[in-house]
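The values are calculated or read from the model by the stated rules, or taken from the named source; none is laboratory data. This structure is a prediction, so every number in the text was calculated from the model and none was measured. Backbone-built Cβ (ideal geometry, glycine too); neighbour counts: all protein chains shown. Surface areas here come from the heavy atoms of the whole protein model, side chains and all, with no ligands, DNA or RNA. Shrake-Rupley method; radii C 1.70, N 1.55, O 1.52, S 1.80 Å.
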Amino acid sequence: MASPAPVLPPVRDVALSLSVDTPVRAVTQSTVITENFRGVDLDRGRLNLGGYEWILDKVDALTPIPHPTTALRQPIIRPGVICQMAGMSSDWAARLCSPPEDFALIGTLSWLRENTNVFLARGSEREPISSILLPTHPDAATWSTRLYSALKLDDDLPLPESLQGVVLDGTTAAQYLAAIETKVVIAILDRSIADQTAGENVVQYYNSRGNPLSLKHDVRWTPTPGIEALGFWIPL
Amino acid sequence: MNRIDDAMKRYALTQEIIENGIELVRVSDSPGARFDSAVRKLVLHTQSEPPDYWMDLVGCARAVRGRLITQPQPIEFNPSIDSGVSDLIKESSRLKHRVSHESSQIIRELAKSAEDLLSSAPPVSEILLESIRELGPEKCVIVAANSAAVAGLDRWLRKHGVSVASVGQLQRDGMFVSQAYAVGPPRFFPSSLVTAPITAALTYLFPSWFTDRSIPSSALASHAEGGIQIRPRFYSVGDASKSDEVITYGAISEADLIPQPIWSTPPVTLKRARPGEVAARRVLLSGGYSMFLDDGDRIRAVDPTQQPGGRISYTHVDSVKIDTYLLLRDGATDRQASYDAALALMGARRDDVASTQAEWKNKLQARLNRLGETRALSQLAALGLTTLDRVEAWIDPTLARPKSDRDFALLLEWLDIPLQPTFRLATDLARKRARASANIAAQLEDAVDAMDVSVLERDGHVRLAAKSTGFRGALATRVLAISPNIEFVQRHEARVLMQDRGAKWLE
């Protein structure tokens, strides 16, 4: 969220630089599209994406995407109260078009999806967490946060190198702490479950490889009363 | 109440417990103290004796002592003390004429003190009832240490209008009362009772002859910022004069006195695994079962505190602990079951695949026997096979084929077996196996979602009914004990449910 918006060249320039059949993402006033680029007609001011023509001037952002894609259209997500507060709304089209793919949530997939639909509120306004995190979804034409099922994580390892931060939610996910090599890893453990193994494993990992890190002084986060937090760093 | 409100409330309760601390009420109990002292003498005396001889008497004595702590209800509501004491007296009279004079005196005192337990209600029960009446039964909840104690205490307290629950039940269902009375010392309960409290006030009640009064904390607490330290407040109740000053005999700690499992195989000196064997630990399971847990694939566990959809997890073998609930299939292991189902999915080619699979596996085994493992492996390495550490597993009939196409082709060539149809059939079998094992997983998940988790917590195990063909049913069962000894067992014996009486004095 704190990362600066991507700086994208003007749509016209991007379109002229693309070769045919490059997978692209485009953002208009109302829609986010992923399609294969088919061409641009400057005389008529038309952009051809997968055989459909779009008015070039109404396309706010366009960028090639590295991975092949299925054709998707998704109504545009508008910046809510939290995004506006964080100053993200001004470069919104560029952010939607080329969001950082650097964050992942690992846990029980159905719960992660449910939880990203929760609203954050400020005053009388509210915004779903999903419009900030842009979680992956089969129907999502744009996404920023990968969601992984902890049960099937073995099949997904190693995680993509583009990831900067990972949240391990719950006991099963926390078992993978030592296998994750992103800059920041946050493991969330539930004290109310009887099995303390996950916590013991974290402490063991800390004792064997960790270097002390003060959350209060180094990260400037003071845990809310009732939360026990252990911060440490590991040389990679 | 939504989940966010619920979480906020839990943090508020944690805050209150941190500020107010918890109460530990030690209740004077002379008959119990006399029995405890007799058990201590027995345990100390038999430490240097042959274990088999004393196993049942010591096991039974520890069980009765444990039940005195966790189930202090009056004797007419206490069949578990009643039956425990009569088992103990039976076992004492069986032994007392066959042992030395000193031993027989210890046994006699044990039997006498046990018999006296039946003549009066344990003092903890009176203090508990007084506390409930004083506060009002609707304002408190009684927390029991295990499922047998939930059933026992509930039988007695139901007519007093107070609810009895295990920590697991409370964590799952929540409870909107202000005070919890835990029957037993903190050691008998998971740390979550104090670190993730369900009530604003918590009191533990236990007989004063129980010596371990430490309070558990979360695994992170001692290292963490904001680590939760709970302040105990001690109270002694009852007549301290004729009190039960604990007589300590040598180095007997609580760990020697709490109920323990019986390991049916005596410890063996460590040896190496023979071909086809794996190193495993015996795990005692609720319901009178055990199994050998090898250090292999992750194993299915059930978390009854979770909602449907999130109850099954795959746990690393070293994360399996006492009170973990495992999900085990009847009869065949997962590996065998998905292999059988995959064979069935092969349809008309079933016999072809069975015979080609048998051919290459038998030939491989024969080669290994003839050449010896070292020579065979070096020949294979010379051919360029890269996954040689798996050769042992390739012989396993339930494994369809080596993962690497190249290695499998080279292996068949080395065995003088034409590539086709063996390669194609084995590949198809592997594909069908993946499908079959996904089916089995889905069926287990449905069965666990439909399961009554309160029964699982009460009884320690639940049998899951079979719904479709190829699924013979499964058992969700609590781990009661894990053997400290490593044994070597045949690969196909690992993770298979067996009948076992080793947990007789545990449940």
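Give the residues of the range B:189-201 that are crowded, with 19+ Cβ neighbours inside 10 Å and either of a type in the set (Gly, Ala, Ser) or more than 14 Å from chain A (Cβ to nearest Cβ) (or both), sorted by residue number. Break it down stepwise before answering.
Just the residues of the range B:189-201 that are crowded, with 19+ Cβ neighbours inside 10 Å, to begin with: B:189-199, B:201.
Residues satisfying the conditions are B:191, B:192, B:196, B:201.
Check whether at least one residue in the range B:296-309 is closer than 20 Å to residue B:480 by Cβ and at pLDDT below 80, and report yes or no.
yes
Return the residues of the range B:400-452 that are out of contact with any helix residue (DSSP H, G or I) (no Cβ under 9 Å at 6 or more places or on another chain), open to solvent by less than 20 Å² (accessible area, probe 1.4 Å) and not in a helix (DSSP H, G or I); say none if nothing qualifies.
B:451
Of all the residues that make up the range B:70-86, how many are under 24 Å from residue B:186 (Cα atoms) and either modelled with pLDDT of 95 or more or not hydrophobic (A, V, I, L, M, F, W, C) (or both)?
So the count comes out to 8.
Can residue B:26 be described as in contact with a Pro (Cβ under 9 Å, 6 or more places away or on another chain), open to solvent by 50 Å² or more (accessible area, probe 1.4 Å) and away from every other protein chain (no Cβ under 14 Å)?
Numbers: in contact with a Pro (Cβ under 9 Å, 6 or more places away or on another chain): yes; open to solvent by 50 Å² or more (accessible area, probe 1.4 Å): yes; away from every other protein chain (no Cβ under 14 Å): yes.
Against the criterion (in contact with a Pro (Cβ under 9 Å, 6 or more places away or on another chain), open to solvent by 50 Å² or more (accessible area, probe 1.4 Å) and away from every other protein chain (no Cβ under 14 Å)), residue B:26 qualifies.
Out of A:147, A:134, A:151, A:112, I need the residue that is under 30 Å from residue B:173 (Cα atoms) and touching a Phe, Trp or Tyr at 6+ places or on another chain (Cβ under 7 Å). Which one? Reasoning before the result, please.
Working: A:147 fails: touching a Phe, Trp or Tyr at 6+ places or on another chain (Cβ under 7 Å); A:134 fails: under 30 Å from residue B:173 (Cα atoms); A:112 fails: touching a Phe, Trp or Tyr at 6+ places or on another chain (Cβ under 7 Å).
Criteria check complete, one pass: A:151.
Scanning for something open to solvent by 40 Å² or more (accessible area, probe 1.4 Å), at pLDDT below 95 and over 17 Å from residue A:141 (Cβ atoms), does the range A:61-75 turn up at least one residue?
no
Can you tell me which residue in the range A:188-199 is modelled with the lowest pLDDT, limited to those that are under 28 Å from the mean Cα position of the chain (by Cα) and facing chain B (nearest Cβ under 10 Å)? Step through it out loud before you land on a result.
Start the filter on the range A:188-199 by keeping residues that are under 28 Å from the mean Cα position of the chain (by Cα), which leaves A:188-191, A:198-199.
Filter again for facing chain B (nearest Cβ under 10 Å), leaving A:189-191, A:198-199.
Working: A:189: 93, A:190: 89, A:191: 89, A:198: 85, A:199: 90.
Looking at the filtered set, the residue picked out is A:198.
Take the residues in the range B:150-174 that are part of a loop (DSSP other than H, G, I, E, B) and surrounded by fewer than 23 Cβ atoms within 10 Å (Cβ to Cβ); name whichever of them is nearest to the other protein chains (Cβ to nearest Cβ).
At the first step, the residues of the range B:150-174 found to be part of a loop (DSSP other than H, G, I, E, B) are B:161-162, B:174.
Retained after the next criterion (residues that are surrounded by fewer than 23 Cβ atoms within 10 Å (Cβ to Cβ)): B:161, B:174.
Numbers: B:161: 27, B:174: 10 Å.
Only one residue fits best here, namely B:174.
Let me spell it out: the conditions are (1) at pLDDT below 80; (2) more than 30 Å from residue B:58 (Cα to Cα), and residue B:270 meets all of them except one. Which number is the exception?
(2)
For the range B:279-294, name all the residues that are of a type in the set (A, V, I, L, M, F, W, C) and either open to solvent by 20 Å² or more (accessible area, probe 1.4 Å) or under 13 Å from residue B:318 (Cα atoms) (or both). Working first, answer last.
Restricting attention to the range B:279-294, the residues satisfying the condition of being of a type in the set (A, V, I, L, M, F, W, C) are B:279-280, B:283-285, B:291-293.
Answer for the range B:279-294, where residues must be of a type in the set (A, V, I, L, M, F, W, C) and either open to solvent by 20 Å² or more (accessible area, probe 1.4 Å) or under 13 Å from residue B:318 (Cα atoms) (or both): B:279, B:280, B:283, B:293.
Looking at (1) closer than 26 Å to residue B:62 by Cβ; (2) open to solvent by 20 Å² or more (accessible area, probe 1.4 Å); (3) more than 14 Å from every other protein chain (Cβ to nearest Cβ), which is the only condition residue B:177 fails?
Just one mismatch for residue B:177, condition (1).
Return a yes/no flag: does the range A:159-166 have any residue that is more than 10 Å from chain B (Cβ to nearest Cβ) and over 25 Å from residue A:114 (Cβ atoms).
Yes, that holds for at least one residue.
From the residues in the range B:219-228 that are open to solvent by 10 Å² or more (accessible area, probe 1.4 Å) and under 25 Å from the mean Cα position of the chain (by Cα), which one is farthest from the other protein chains (Cβ to nearest Cβ)? It would help to see each step written out before you state the result.
Step one: of the range B:219-228, the residues open to solvent by 10 Å² or more (accessible area, probe 1.4 Å) are B:219-220, B:222-227.
From what's left, under 25 Å from the mean Cα position of the chain (by Cα): B:219-220.
Details: B:219: 3, B:220: 5 Å.
For the range B:219-228, the residue satisfying everything is B:220.
Identify the residue in the range B:370-389 that is within 40 Å of the chain's Cα centre (by Cα) and assigned to a helix (DSSP H, G or I) and, among all such residues, is farthest from residue B:408 (Cα to Cα). First the steps, then the outcome.
Looking only at the range B:370-389, we keep the residues that are within 40 Å of the chain's Cα centre (by Cα), and these are B:373, B:386-389.
Narrowing further to those that are assigned to a helix (DSSP H, G or I): B:373, B:388-389.
Working: B:373: 18, B:388: 11, B:389: 14 Å.
The extreme case among them is B:373.
What are the residues in the range A:12-30 that are open to solvent by less than 20 Å² (accessible area, probe 1.4 Å) and either in a helix (DSSP H, G or I) or touching a Phe, Trp or Tyr at 6+ places or on another chain (Cβ under 6 Å) (or both), if any?
A:14, A:15, A:24
So that you can scan it fast, the table gives a plain yes or no per residue for (1) among the aromatic types (Phe, Trp, Tyr); (2) open to solvent by 30 Å² or more (accessible area, probe 1.4 Å):
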{"residue": "B:317", "(1), (2)": "no, no"}
{"residue": "B:335", "(1), (2)": "no, yes"}
{"residue": "B:353", "(1), (2)": "no, no"}
{"residue": "B:360", "(1), (2)": "yes, no"}
{"residue": "B:369", "(1), (2)": "no, yes"}
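Do we find a residue being of a type in the set (Phe, Trp, Tyr) and within 29 Å of the chain's Cα centre (by Cα) anywhere in the range B:46-55? Don't jump to the end; show me each part of the working.
Quick first cut of the range B:46-55, residues of a type in the set (Phe, Trp, Tyr) only: B:53-54.
Retained after the next criterion (residues that are within 29 Å of the chain's Cα centre (by Cα)): B:53-54.
Looking through the range B:46-55, at least one residue is of a type in the set (Phe, Trp, Tyr) and within 29 Å of the chain's Cα centre (by Cα).
Residue-by-condition table, conditions (1) touching a strand residue (DSSP E or B) at 6+ places or on another chain (Cβ under 7 Å); (2) more than 24 Å from residue B:145 (Cβ to Cβ); (3) of a type in the set (Ser, Thr, Tyr); (4) more than 14 Å from chain A (Cβ to nearest Cβ):
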| site | (1), (2), (3), (4) |
| --- | --- |
| B:7 | no, yes, no, no |
| B:12 | no, yes, no, no |
| B:39 | no, no, no, yes |
| B:67 | no, no, no, yes |
| B:77 | no, no, no, yes |
| B:87 | no, no, no, yes |
| B:100 | no, yes, yes, yes |
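Which of the numbered conditions does residue A:2 fail, given that it passes all the others? Conditions: (1) among the aliphatic types (A, V, I, L, M); (2) part of a loop (DSSP other than H, G, I, E, B); (3) at pLDDT 90 or above; (4) under 18 Å from the mean Cα position of the chain (by Cα).
Every condition holds for residue A:2 apart from (3).
Just the residues that are in contact with a helix residue (DSSP H, G or I) (Cβ under 6 Å, 6 or more places away or on another chain), without any contact (Cβ under 8 Å) to a residue 60 or more places away in the chain and either aliphatic (A, V, I, L, M) or under 29 Å from residue A:84 (Cα atoms) (or both), please, taken from the range A:1-52.
A:28, A:40, A:47
Look at residue B:221 and say whether it is at pLDDT below 90, within 30 Å of residue B:301 (Cα to Cα) and part of a strand (DSSP E or B).
Working: at pLDDT below 90: yes; within 30 Å of residue B:301 (Cα to Cα): yes; part of a strand (DSSP E or B): no.
Judged against the criteria, residue B:221 is not a match.
So, restricting to helices (runs of 4 or more DSSP H) that lie completely within the range A:137-236, which ones have at least 2 residues that are assigned by TED's automatic domain parsing to the domain that holds residue A:63, in contact (Cβ under 8 Å) with a residue 60 or more places away in the chain and surrounded by 14 or more Cβ atoms within 10 Å (Cβ to Cβ)?
none
Taking the residues in the range B:295-315 that are assigned to a strand (DSSP E or B) and touching a residue at least 40 places away in the same chain (Cβ under 8 Å) as candidates, determine which candidate is surrounded by the most Cβ atoms within 10 Å (Cβ to Cβ).
The first filter runs over the range B:295-315 and keeps only residues assigned to a strand (DSSP E or B), leaving B:299-302, B:312-315.
After this cut, where a residue has to be touching a residue at least 40 places away in the same chain (Cβ under 8 Å) as well, the list is B:299-300, B:302, B:312.
Working: B:299: 22, B:300: 21, B:302: 24, B:312: 21.
Here the answer is B:302.
Looking only at the range A:114-136, which residues are of a type in the set (S, T, N, Q) and open to solvent by less than 40 Å² (accessible area, probe 1.4 Å)? Give the derivation first.
If we filter the range A:114-136 for residues that are of a type in the set (S, T, N, Q), which is where we start, we get A:115-117, A:124, A:130-131, A:136.
Within the range A:114-136, A:116, A:130, A:131, A:136 qualify.
Could you check residue B:389 against (1) farther than 28 Å from residue B:337 by Cβ; (2) open to solvent by 40 Å² or more (accessible area, probe 1.4 Å); (3) without any contact (Cβ under 8 Å) to a residue 12 or more places away in the chain and say which number it fails?
Going through the list (1) farther than 28 Å from residue B:337 by Cβ; (2) open to solvent by 40 Å² or more (accessible area, probe 1.4 Å); (3) without any contact (Cβ under 8 Å) to a residue 12 or more places away in the chain, residue B:389 breaks only (1).
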